[in-house]
1. Return the Cα extents of segment 255-340 along principal axes one, two and three, sorted largest first, each rounded to a whole Å.
2. So what is the 222 nm mean residue ellipticity for the chain from helices alone, if each DSSP H run of at least 4 adds -39500 (n - 2.57) and you divide by all residues, rounding to the nearest 500 deg cm²/dmol?
3. Picking from H325, L197, Y90, whose Cα lies most toward the positive end of the charge dipole for the chain (charges on Cβ: Lys, Arg +1; Asp, Glu -1)?
4. Using 0.36 nm per residue of separation minus the Cα-Cα distance, give me the extension gain between K128 and R14 in nm, one decimal.
5. Provide the net charge surrounding D303, with neighbours chosen by a C-beta distance below 9 Å and charges set as Lys +1, Arg +1, Asp -1, Glu -1.
6. How many angstrom lie between the C-alpha centres of segment 124-155 and segment 66-110?
7. So for the pair R170, E278, with labels modelled 7 Å out along Cα→Cβ, what separation do we get in nm?
8. Short version: what are the Cα gyration tensor semi-axes of segment 81-167, square root of 5 times each eigenvalue, largest first, in whole Å?
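Each reported figure results from applying straightforward, stated rules to the coordinates on display, with no laboratory input. Just so it is clear, the structure is predicted and the values come from calculations on it, not from any experiment. Ideal geometry is used to build each Cβ from the backbone, glycine not excepted, and the neighbour counts take in all protein chains shown.
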Amino acid sequence: MNMKKNDKGKWEVRLSLGIDARGKRVQKYLSASTKQELRAKVSAFEQAYANGEIATSIHERRKTYTVTDLLDEYFEVHTPSLSINTRRNYRSLITCITKHLGTHDINRLTARHLESYLSMLEKEKGMKTSSVNLRIVLFRAAFDYARQAGYTKNDAPMFLKRRKETKTKRNLWTVDELVRFLDTAREHSPYWVTFVLLAMTGARRNEVKALTWDCVHLDEGYVHINKSIAQLTAAQRHESRTGKLHQFTPPKTKRNRDVYLDAGTMSELRRWRVEQAELLLRFGEKPEDDLVCTTPFGKYLNDTLLRTEYRRICTRVGLTPMRIHDFRHMHATILLNNDTNIKVIQERLGHTSIATTMNIYSHVTEAKQKDAANAFRLQIDREKKRNVQ
């Protein structure tokens with residue numbers, strides 16, 4: 001097995017699987033960012049092939065190789081190393097595509113077919129530009145894999161042009177609206193601590209839901225974020241054989257971090273720990289995985305429950321709901337507006353680089369740049385007046 005780096009800096013390998021029904025040699029092409037990742041892909045593919053889960057030839061399946069065949073195989077070969085949530089999103093995306101194009105022969109699929117499909121999504125379904133571009137990227141990658149594997153010479157997706165994406169303005173709440181929401185949640189919601197942590201830590205939703213009590217340092221005044229949580233589908237639960245609705249995963253950027261909190265929030269966490277213990281005692285339940293954010297029965301708080309409760313509180317307060325992820329953006333924006341060092345914000349949010357933070361919150365930093373320019377001019381003018389006098 002000869003692994004080598006290609007011109008794009010990726011590691012690649014061709015696997016020979018024998019001869020097909022027409023006497024032609026059958027090969028599989030695999031690629032990855034690192035040699036170690038490629039070895040893992042090869043191992044996973046060989047195991048699936050040995051178990052008969054992957055056909056050795058397009059002619060062994062059917063006379064034509066359809067879009068469904070291609071996307072299913074591409075998914076099995078290229079996604080084993082991805083996170084559970086990313087794999088689920090890929091599978092959902094492929095399911096949506098195959099509903100419309102699944103039966104098409106990949107050798108007869110034209111750019112016109114693809115453009116017609118994408119235009120339908122944009123005009124009739126009102127799909128966002130970013131979602132349309134995601135499909136274009138998947139088409140290109142899958143057909144590139146098919147060409148290198150010798151399944152087709154069709155390069156129709158390469159003629160698709162990515163749509164120009166425009167940044168949409170985030171409709172964040174004001175600080176007063178955030179305060180009203182949190183006050184109402186504390187008084188009327190059994191999930192109030194989840195919303196408090198979303199607002200006060202700036203952590204991602206699944207990082208907050210994954211927080212366990214051993215990572216809450218009440219005396220030192222910080223929480224240690226070292227994991228995320230993935231909600232499993234029915235098939236994934238069956239495969240895991242644990243019966244659980246969730247599974248712990250590393251944080252999105254693989255960066256563990258300590259997020260310090262104010263004394264008031266730490267006091268609320270102490271109060272919640274007592275309340276949670278009393279609820280579990282009342283219902284005779286044991287806490288699931290020692291999670292901080294749970295249902296009153298100590299169970300995993302799934303996304304449906306969280307979203308339903310979030311909308312209920314918004315209705316009670318009279319607020320237009322923003323995305324739950326926007327608690328994170330509000331956290332960063334409030335800190336930036338209060339002149340918090342951008343490096344500190346990057347560390348709190350868990351971004352891999354400070355450039356990521358500055359790019360996401362460029363609208364805030366631009367305003368700060370203008371303030372800095374005005375402050376500099378004001379100082380120069382003062383000095384001029386002093387010299388004249």
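1. Cα extents, longest axis first: 47, 31, 26 Å.
2. Values: 16 runs with 209 residues, N = 389.
The per-residue figure over the chain is -17000 deg cm²/dmol.
3. It is Y90, whose Cα lies furthest towards the positive end.
4. Values: separation 114, 0.36 × 114 = 41.04 nm, distance 3.70 nm.
This chain segment gains 37.3 nm when fully extended.
5. On the way: positive: R205, K209, R307; negative: none.
Cβ neighbours under 9 Å give a net charge of +3.
6. Measuring centre to centre over Cα atoms gives 9 Å.
7. 3.6 nm
8. Details: eigenvalues 82, 62, 33 Å².
One finds semi-axes of 20, 18, 13 Å for segment 81-167.
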